[in-house]
Each structure stands twice: as structure tokens, then as C-alpha cells.
Amino acid sequence: MDLNFMDKVSLFTKINFSSFLTIEEALIFIIIFLFLLFNLKYKNKIVSIFIPFLLLFITSFSLFLFGSDITYVLETIMKGIIYSFYFPNIIFYIITVLISFLFFIYTIISKKLTNKEKIVNYLICGFHLYLFVLFTTNCLNLKVSLISPAKIYKHDELYVLVAVSQVVFYLNIIYQSVKLAVRKLKKQDASAIMYEK
């Protein structure tokens, strides 16, 4: 794929507004993010319960409306897991999405994270999940099987989405690692000060 940076940015922007469905998906993710963001100020416990149920409702509603398409996607994912030895890249991508989803849920229900940490987690994990939904939607539109990396990477749109997703995931890993390291250093400094006293 001979795409320069501006081509990738242009193509990524075009994908987000390619149809009414992709615009709807973007709006849903933005609304959930804003809802969680405003709740950081009010700290309403109902939101911690409501958002996971809302996500479950959206998933159930999507299953009702797009049952056959989603079944097709799930079948291809299952085939991808079965053929993981031969297609590690796609499986790795799916695993990174599952990690982001679990981390997103953890962020919602966690009481240990600060508001700033939650905002960053909502942004990174939410954006990563949105990219996967967009990727799946485009796979369905282009009738591309998820167990066929060669076919996936023949499409510039899918290539860009996977590339951006990988960057977002790695940034999240770097951020979480730095955050843990800083937290440990602060604890060590606090312990050293207490020991000197």
C-alpha cells in the first residue's frame, strides 16, 4: 500500500462519513463518551450500571436489526480463531479489541482511577473500539472475509483502519506502562520519606 500520511488521513475522514450508518456509529460513541465525561463531575453511581446496560442494549438491538450480517462476522471471527496459526495478524487485532473493551468496562466501574485517567482511557479505548466497529462495517460492505488477510489488505480503507487501530493500541500500552511506572516511583518515594522520618 503506497499511501502517504495525507492520503491516510483523507481516506480515514472519508470512511467516517461514507454512509448514514458510519455517521450513526460515530455519534453513538461520541454521545457515550460525553455522557461518561460529564458524569465524572457528578459521580452518579447509576451511570456505572447504566452505561454497561446501554452497551448491552445497543449490542442486542444491533443483533436484532443486523442479525444475519453479525452472524456472518461472528462466523468469520470463529474461523479466524480456528485458523489462528495461519492468520496471526487478524487474531492479534481481535485480541487487542477485546483488551480495549475489557479495559473500557473496567474504567467505567473502577473507583481507583482519577478523573484525568478515566478521560484518557475513555478516549483511547473508545476510539479503538469505534475503529473496530468501522472496520467490521467496511468488511461487510466490501464482502471481505476476516480470515483472509491478503484480501483485507488489498482494500486501502481496511488497511488504513487496521493501521490506525494498531497505533492507538500501542499508544494505550505505552500510556498505561508509563502511568504504572510513575505510580510505583511515587510509592517508593513516599515509602523512603516515611522511612527517613
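The values are calculated or read from the model by the stated rules, or taken from the named source; none is laboratory data. In this text, all values refer to a predicted model and were calculated from it rather than measured experimentally. No Cβ is skipped: glycine too gets one built from the backbone with ideal geometry, and neighbour counts run over all protein chains shown. Side chains are part of the model used for accessible areas, which takes the heavy atoms of the whole protein and leaves out ligands, DNA and RNA. Shrake-Rupley method; radii C 1.70, N 1.55, O 1.52, S 1.80 Å.
Figures for the structure shown
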item	result
For the chain, alpha-carbon Rg relative to the globular expectation (2.2 N^0.38 Å, N residues)	1.18
Value of [θ]222 nm, deg cm²/dmol, for the chain, DSSP H segments ≥ 4, -39500 (n - 2.57) each, nearest 500	-29500 deg cm²/dmol
Per-residue ³J(HN,Hα) for the range 6-23, Karplus 6.51 cos²θ - 1.76 cosθ + 1.60, θ = phi - 60°, Hz, x for Gly and Pro	5, 4, 5, 4, 4, 5, 4, 5, 4, 4, 5, 10, 6, 7, 5, 5, 5, 5
Those lysines that a straight Cα-Cα span of less than 22 Å connects to Lys43, excepting residues fewer than 8 apart in one chain	Lys111, Lys112, Lys116, Lys118
Carbon/sulfur fraction of accessible area - the chain, other protein chains in place, 1.4 Å, %	72
Dipole magnitude (debye, nearest 20) for the chain, charges at Cβ of Lys, Arg, Asp, Glu	1020
Nearby lysines by direct alpha-carbon distance to Lys151 (threshold 25 angstrom, same-chain neighbours under 8 apart not counted)	Lys8, Lys14, Lys79, Lys143
Positive-pole candidate from Thr114, Phe53, Ile174, dipole of the chain, charges at beta carbon	Thr114
